[in-house]
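Asker: Got a structure for you, written out below as structure tokens; questions coming shortly.
The values are calculated or read from the model by the stated rules, or taken from the named source; none is laboratory data. This is a predicted model, so every value here is computed, not measured. Here Cβ is always computed from backbone atoms with ideal geometry, including for glycine, and neighbour counts include all displayed protein chains. Each accessible area value is taken on the protein alone, full model and side chains, heavy atoms only, with ligands, DNA and RNA left out. Shrake-Rupley method; radii C 1.70, N 1.55, O 1.52, S 1.80 Å.
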Amino acid sequence: ITDGKSMKDAVSANDIIKASPKEGMMYFYKSFMRKVNAPDVDDILEVKVVIKMLIDEEGKLTNFEIVNKSAANESFENEFLRVLKTMPNWNPATKDGKAIATDFILPITMKVAGNLNSNNTLVNQNK
């Protein structure tokens, strides 16, 4: 900032600071994926699920909704929701320095592959 103001002074009191995982988004995704028990598959898949959730004033993840529901992905959707319910609280969004509840869109992409056994049939390798 060239007029001598500090960066802190440049942030307006009306600015909203978005909710975020306490350890950062990359760590959140890694931790999330470690907890996922991928359903059995008979093929090689790339599953894409978009989840809308509310991060409340305390940072708790609640009110989960699958934005792009698909019968083909239902078992993955259920597993992703199960894991999200176990994840730690985030830093809540703030407005005017006070914590507020906000919606958050979480895209999840997971590649799942089976493996060929001696009979040349796919066997799930995600167990």
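Asker: In whole Hz, with x marking every Gly and Pro, tabulate ³J(HN,Hα) for segment 52-66 from phi via Karplus 6.51 cos²θ - 1.76 cosθ + 1.60, θ = phi - 60°.
Answerer: 9, 9, 9, 9, 6, 4, 9, x, 6, 8, 9, 6, 6, 9, 7
Asker: Which of K22/K69; K30/K52; K60/K95; K30/K95 have a Cα-Cα distance over 24 Å?
Answerer: The answer is K22/K69; K30/K95.
Asker: Which whole-Hz couplings ³J(HN,Hα) result when phi for each residue of segment 21-32 is put into the Karplus expression 6.51 cos²θ - 1.76 cosθ + 1.60, θ = phi - 60°, listed in order with x for Gly and Pro?
Answerer: Couplings: x, 4, 9, x, 5, 4, 5, 4, 4, 4, 5, 4 Hz.
Asker: Oh, and also: Just grab the label-to-label distance for V36 and K111, each label 7 Å out from Cα along the Cβ direction, in nm (one decimal).
Answerer: Taking the simple label geometry, V36 and K111 are separated by 1.3 nm.
Asker: Which loop-located GluC sites (Glu not before Pro) does segment 15-64 contain, where loop means any DSSP state but H, G, I, E or B and the Cβ has at most 16 other Cβ atoms within 10 Å?
Answerer: E23, E57, E58
Asker: Right, something else. Taking 0.36 nm per residue of sequence separation and subtracting the Cα-Cα distance, how much length would be gained by fully extending the chain between M26 and L54, in nm to one decimal?
Answerer: Answer, rounded to one decimal: 8.1 nm.
Asker: Once amide H atoms are built 1.01 Å from N in the peptide plane, which residues 5 or more positions from W90, or in another chain, come under 5 Å H to H?
Answerer: Result for W90 returns K60, L61.
Asker: Per the 1.4 Å probe, what fraction of the accessible area of segment 45-96, in percent, lies on carbon and sulfur atoms?
Answerer: Ligands and nucleic acids excluded, carbon and sulfur reach 46 percent.
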